1. So for Y97, Y137, what's the accessible-area order with a 1.4 Å probe, most first?
2. Checking understanding here: applying a Kyte-Doolittle mean of at least -0.5 and a length along the axis of at least 27 Å (C-alpha), which whole DSSP H helices in the chain pass?
3. Work out, step by step, the length gained on full extension between L71 and E49: first 0.36 nm times the residue separation, then minus their alpha carbon distance; give nm to one decimal.
4. I need the peptides 83-89, 194-200 ranked by packing, meaning the mean over residues of other C-beta atoms within 10 angstrom, with the highest value on top.
5. Determine by what factor the alpha-carbon radius of gyration of the stretch 110-215 differs from 2.2 N^0.38 Å, reporting the quotient.
6. Let's see if you can work this out: charge +1 on each Lys and Arg Cβ, -1 on each Asp and Glu Cβ, no other charges. What is the dipole magnitude of the chain about its Cα centre, in debye to the nearest 20?
7. When the chain is treated as a GNM, springs tying every alpha-carbon pair under 10 Å, which of K160, K65, K120 comes out with the largest mean-square fluctuation?
8. Just to check I understand the Karplus step: with θ = phi - 60° and J = 6.51 cos²θ - 1.76 cosθ + 1.60, what whole-Hz values come out for the stretch 157-171, glycine and proline as x?
Amino acid sequence: DAVVPYVPEEDPDICFHSAQLAVELLAAAESGQLTRSPEDAERLGFDVEILLSKFHAFVQKHRLKKQDHALISAARAGGIPVRKLAGRLLVLGHSRYQQRINGAKTSFTNVVSDDIAANKDYTRRILAYIGLCAPRYKRVNTEREAAKAAKHIGYPVVIKPNNAGSGNGVSIGLYDRSEVREAYKRAREFDRSVLVEELIEGNDYRLLVVNGRFC
């Protein structure tokens, strides 16, 4: 028997590939192909390290995130059935009572608000429009524009992709032109549009609101 440390209802693709890899390894062991020696692997045409590396890459790409697993655990603790449809798309409940959740988005998420929040340029414009403070910034599309914007705003600066989440591509506390250019390249890996903004030091607060109430 093979033990797969994943729940089929949560990570079905990973479970399938885990079982498939286990069968391949057992078959290789039985036929004498299973070896960790690079020389033997090349001779036998069966490299365990390559197979495991490909599997780990597959897991990293397809497994649910920690917050998804926490949501699933909480739902099941409350007697709510949960199943995964695709990617991070989860279905809670059945029939007309069911709700769909995809990452941080639920069936109740306002589409317009979500689009605005995902676009840092839009968000800053709206904050300024309603009279709230926001860092001075400039949206740029080339390394040269980024360096020029940083000089105009004044060091230190922050470089970040305009439309990306989870801190991807963000560089903080840049003090010269070369650092800005390298940071711009990293940000461009996540979005074609990049922001250069002034660095404002302080605490980072995340507020959770459920059903219109601050929790």
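1. Y97, Y137
2. 12-31
3. 4.5 nm
4. In decreasing order of mean packing, 83-89, 194-200 become 194-200, 83-89.
5. Scaled against compact globular proteins, the figure is 1.13.
6. Rounded to the nearest 20 debye, it is 1320 debye.
7. The residue that fluctuates most here is K65.
8. 10, 10, 10, 8, x, 5, 10, 6, x, 6, x, 5, x, 8, 10
The values are calculated or read from the model by the stated rules, or taken from the named source; none is laboratory data. None of the values given here were measured: they were computed from a predicted structure. Neighbour counts are summed over all protein chains in view; Cβ atoms, including those assigned to glycine, are modelled from backbone coordinates with ideal geometry. For the accessible areas, the whole protein counts, side chains as well, though only heavy atoms, and no ligand, DNA or RNA atoms are used. Shrake-Rupley method; radii C 1.70, N 1.55, O 1.52, S 1.80 Å.
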